[in-house]
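A short write-up of the structure that comes next.
The values are calculated or read from the model by the stated rules, or taken from the named source; none is laboratory data. It should be emphasised that the depicted structure is a prediction, and the values quoted were computed from it without experimental measurement. A quick note on method: Cβ atoms are made from the backbone with ideal geometry, for glycine too, and the neighbour counts reach across all protein chains shown.
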Amino acid sequence: MLNKDELTRDTLRMFKSEVQKFEIDNRDTVDDAKALQIINKMIKQRKDSIAQFTDGGRADLAEKEQLEVDVLSKYKPTQLSDTEIATKVTAAIAESGAATMQDIGKVMGILKTSIEAGTADMGVVSKIVKEQLS
């Protein structure tokens, strides 16, 4: 607020509102893991909006949404690189003894416990698992 950064202020207010909504709806307090889930949900919503605005020819609105994604991303843990994910996937495949695409559930189960919450997009992890199993 002192920096007069309206975008950051408004984005953080939206996040705070989402946290309060979650607490009221679920009658539960928000811990770090739940806050991370809320941030991920908000980022996903904004990425969907960016795609729709871009398709609709509204680059100005898409840019605003992207700036909000950038602000929210600052509060997420550092993301693993694709090579780090691939290394973890290789280790999980070896640990589970997976050989075919039918064993993807075993591998993903191991990865969900070995990868810290929020440090990797599980969609990317799944894609890498599929590439390595096929």
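A few comments on the model shown:
- Out of Gln79, Gln66, sole residue that is touching a residue at least 24 places away in the same chain (Cβ under 8 Å) and surrounded by 13 or more Cβ atoms within 10 Å (Cβ to Cβ): Gln79
- Here Asp60 clears all of (1) surrounded by 12 or more Cβ atoms within 10 Å (Cβ to Cβ); (2) more than 22 Å from Lys41 (Cβ to Cβ); (3) assigned by TED's automatic domain parsing to the domain that holds Lys44; (4) not small (Gly, Ala, Ser) except the condition numbered (1).
- For the residues Leu80, Leu61, the requirement of being hydrophobic (A, V, I, L, M, F, W, C) and either within 16 Å of the chain's Cα centre (by Cα) or in a loop (DSSP other than H, G, I, E, B) (or both) singles out Leu80.
- Matching residues in region 10-28 - criterion: being surrounded by fewer than 16 Cβ atoms within 10 Å (Cβ to Cβ) and among the polar types (S, T, N, Q): Ser17, Gln20, Asn26
- Failed item, numbered, when Asp31 is tested on (1) surrounded by 13 or more Cβ atoms within 10 Å (Cβ to Cβ); (2) within 24 Å of Lys16 (Cβ to Cβ); (3) not polar (S, T, N, Q): (1)
- Region 34-54, subset small (Gly, Ala, Ser) and over 12 Å from the mean Cα position of the chain (by Cα), residue surrounded by the fewest Cβ atoms within 10 Å (Cβ to Cβ): Ala51
- Top-ranked residue of region 100-121 - restricted to ones that are exposed (fewer than 13 other Cβ atoms within 10 Å of the Cβ) and touching a Leu at 6+ places or on another chain (Cβ under 8 Å), ranked as modelled with the lowest pLDDT: Thr100
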